[in-house]
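Accompanying notes for the structure given below.
The values are calculated or read from the model by the stated rules, or taken from the named source; none is laboratory data. Values in this document were obtained by computation on a predicted structure and should not be read as measured data. Backbone-built Cβ (ideal geometry, glycine too); neighbour counts: all protein chains shown. These accessible areas exclude ligands, DNA and RNA; they are computed on the full protein's heavy atoms, side chains included. Shrake-Rupley method; radii C 1.70, N 1.55, O 1.52, S 1.80 Å.
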Amino acid sequence: MKERYKRDLSKFESLKYWEKKTLSAYIKEWAEKYGDKTAVIADDYDLTYSEMDSLSDERAFGLSELGLKKGDTAAIQLPNSAEYVITLFALYKLGVKPVLVLPAHREAELNSIMETAAPKVYIIPDKYMGYEYLPLAKKLQAQHSCLKYIIVDGEIDGDDSTVIALEDITAENGELPETDPYDTLHYLLSGGSTGVPKLIARTHSDYMYLCRLCCDRCELTADDVYLVALPCEHNFPTGDPGFLGVMDVGGTAVFCSHISPDEVLDKITEYEVTVTALVPTMVSMCIDMLEIDDDFDISSLRILQVGGSVFDDSAAERAIEAFGDTVIMQVFGTSEGLIITTLLDDSREYIKKYQGKALPDEFIGEECEITEIRIVDSEDNDVPDGEYGELICKGPYIIDSYYGLGDADLSSFTKDGFYRTGDKAMRTAEGYYKFVGRIKEQINRAGEKIMPAELEEHLCMYGRVQDAAVIGVPDPEIGNKIYAFMVSADADEVTMEEIFEHLTKKGVARYKFPDRCITLDALPLTAVGKKDAKKLLTIAENEG
Ligand code: AMP
């Protein structure tokens, strides 16, 4: 546990929603309190609270027989399903730390995760959205000796004893170790800075503290039905309040398995969903569908949380109109911790204009003093209310370093432990925040984060590319499009097809592929010889 965390612990322990309790204890308590009530509705199967507890025990015993023990790490990359919940909870119970790998991550990302986290097992589906995961898993296993087992949800063939079917990992009896609430619950992945996704270690106590604050903001009760409409390895649908939040109040979590607007609207209609969380692009696709199809019934939907990337005033206005009685809750969220949301009783004007207030807020008395948020200029001086700067923050549920990177990472954290979000924001005198984009270079494409430097590096590895520059170009539908400018090594145009083929071969996640490829004779440079992003943006706008 970090020094700062230890030092402030007595303060944290006095907070209203802070519990010195492991997820294992939460899951047991939920089973006792909510027993036969449905906890999970998913395309593979449904689960009551009691089943969720007993099946995750059995899976934990099975994983333990395989040799997994407290302190180990596991990479989990399953699609949204009951199997995901059971397996995740089994890992929590064993004190094995899961790295939550997005289904879209491929070889490039996985290689760096294997190096940093050294997982003992890698848990994958056989096939999801047309992609077969086992060949990649075997390749990774050959390169990373840490990886003892590949566990597959689905078909396996051959007689490799290190490849095991998930359904076979179960045992009736066994023992669960004592786990520590201040130990790592799971590792979330940061958007990354140079192609290496950084690991965000969140503890049992800090994660559930924030989750319960989010439940409070949403006034969640046992009558709520929460729809997991984003990949469940993301922080937003897991803990803000996400499926863990709705379970904590005894409601039901419904899982979308393929995550399309029609599946989202179908499931809201069929299960009378009351709360869900979407990224702005998905909101706009859902509205388009609602306009052409009146078979959907969204009247049950109490709250639509929208976050992950900038939701501008006009998009928010359109959502407020289209979703009628549903309250739109803007959410600014980071996997590193900080969450800011609008309030249920905020006016339309405020919901349109702001991302909201920080958690906890002044309604919870002294607690707000413990979460410190500053808006600073490039020299880290505070700027007055109403002016834009970078938002930096520190608090009980906000990390103060990335796993394994120590205190030296001054581009992500200040010397005194504030997390630099890299986001451009302002605060009003009333404590409402507005975000307008990035100060750091990261591109946000429909909620997925891409670092230009990472993609540039991949592009330059292609033989025909001599130099490359990548920028985000504002787009009304998806926030930003990825434009790749390249100088070709042989004066011939570099085509989108060959770049796609190259990136696929390199195993780069599909969401990082450029939307446009433009070949230039030379990259425009600033006076100090840096790639001139402003000139590139002008070229992009002229090219369309
Ligand atoms: P992640 O690491 O995937 O949790 O993404 C966190 C980042 O997403 C933030 O630092 C912001 O750049 C962006 N983000 C999340 N929510 C919003 C929002 N409501 N408005 C603008 N940017 C957002």
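When each of the peptides 93-105, 394-406 is scored by how many other beta carbons lie within 10 Å of its residues on average, the order from highest to lowest is 93-105, 394-406.
Report, to one decimal in Å, the Kirkwood hydrodynamic radius for the stretch 443-543 based on all distinct Cα pairs.
Numbers: mean 1/r = 0.0731 Å⁻¹.
Its Kirkwood hydrodynamic radius stands at 13.7 Å.
Look at the Cα gyration tensor of the stretch 4-103: its axes a ≥ b ≥ c give a/c of at least 1.5 with a/b at or below b/c, and that counts as oblate.
Under 1.5 on a/c is rounded, so check that first for the stretch 152-265, then, if it is not, pick prolate when a/b is larger than b/c and oblate when it is not; a ≥ b ≥ c are the square roots of the alpha carbon gyration tensor eigenvalues.
Numbers: a/c = 1.42, a/b = 1.32, b/c = 1.07.
Cα axes put the stretch 152-265 in the rounded bin.
The relative contact order of the chain, computed from alpha carbon pairs under 8 Å that lie at least 6 residues apart in sequence, is 11 percent.
Going down the table (Lys33/Lys394; Lys97/Lys198; Lys21/Lys449; Lys148/Lys512; Lys21/Lys70; Lys28/Lys394), which pairs top 25 Å between alpha carbons? Distance filter (> 25 Å) returns Lys33/Lys394; Lys21/Lys449; Lys148/Lys512; Lys28/Lys394.
Sorting 132-138, 161-167 by average packing, meaning the other beta carbons within 10 Å per residue, from highest down gives 132-138, 161-167. The figure for Thr73 is an accessible area of roughly 20 square angstrom, using a 1.4 Å probe on the protein chains alone.
Residues whose amide H lies under 5 Å from that of Asp475, counting only those 5 or more places away or on a different chain, are Asn480, Lys481; hydrogens are built 1.01 Å from N in the peptide plane. Taking the Cα centre of the chain as origin and assigning +1 to Lys and Arg Cβ atoms and -1 to Asp and Glu Cβ atoms, the resulting dipole is close to 1860 debye. Could you list the residues of the stretch 412-447 with an amide nitrogen less than 14 Å from a label point located 7 Å from the Cα of Lys534 in the Cα-to-C-beta direction? Backbone N within reach: none found. Per residue, the accessible area of the chain comes to 41 Å² when a 1.4 Å probe rolls over the protein heavy atoms. For the stretch 203-217, 3J(HN,Hα) computed residue by residue from phi via the Karplus equation (6.51, -1.76, 1.60; θ = phi - 60°) reads 8, 3, 5, 6, 5, 6, 4, 5, 4, 6, 5, 5, 4, 4, 4 Hz, glycine and proline entered as x.
Electrostatic tally near Ala39: other residues with Cβ closer than 12 Å to its Cβ, Lys and Arg +1, Asp and Glu -1, net -3.
How much net charge surrounds Glu132 when only other residues with a Cβ under 14 Å from its Cβ are counted (Lys, Arg +1; Asp, Glu -1)? Each step should come with its number before you reach the end.
Numbers: positive: Arg106, Lys127, Lys138, Lys139; negative: Glu107, Asp126, Asp153, Glu155, Asp157.
Result for the local shell: -1.
The GluC sites (Glu not before Pro) found in the stretch 192-274 that occupy coil by DSSP, while having at most 16 further C-beta atoms within 10 Å, are Glu219, Glu272.
At 222 nm, what value in deg cm²/dmol follows for the chain if DSSP H runs of at least 4 each add -39500 (n - 2.57) and the sum is divided by all its residues, to the nearest 500?
Values: 17 runs with 170 residues, N = 544.
Computed ellipticity for the chain at 222 nm equals -9000 deg cm²/dmol.
Each part gets one Cα centre, and for the stretch 386-452 versus the stretch 304-332 those centres are 22 Å apart. Computed from backbone phi, the HN-Hα couplings of the stretch 506-519 come to 6, x, 8, 4, 4, 5, 8, 5, x, 7, 9, 10, 10, 8 Hz, rounded to whole numbers (Karplus: 6.51 cos²θ - 1.76 cosθ + 1.60, θ = phi - 60°; Gly and Pro given as x). If you sort Phe236, Phe89 by accessible surface, 1.4 Å probe, largest first, the order is Phe236, Phe89. Shown here for the stretch 316-402: GluC sites (Glu not before Pro) in loop regions (DSSP other than H, G, I, E, B) with at most 13 other Cβ atoms within 10 Å, namely Glu379, Glu387. Accessible surface of the stretch 443-543, 1.4 Å probe: 51 percent of it comes from carbon and sulfur atoms.
Answer rounded, prolate or oblate for the chain, using the Cα gyration tensor with square roots of eigenvalues a ≥ b ≥ c: rounded when a/c is under 1.5, else prolate when a/b is larger than b/c, else oblate. Write down the numbers at each step before the final one.
Details: a/c = 1.39, a/b = 1.14, b/c = 1.22.
Note, shape of the chain comes out rounded.
Exactly which chymotrypsin sites (Phe, Trp or Tyr not before Pro) in the stretch 1-67 are in a DSSP loop and have at most 16 other Cβ atoms within 10 Å? Please list the in-between numbers first.
Values: sites: Tyr5, Phe12, Tyr17, Trp18, Tyr26, Trp30, Tyr34, Tyr45, Tyr49, Phe61; in loops: Tyr17, Trp18, Tyr45.
Here the sparse-neighbourhood loop sites are Tyr45.
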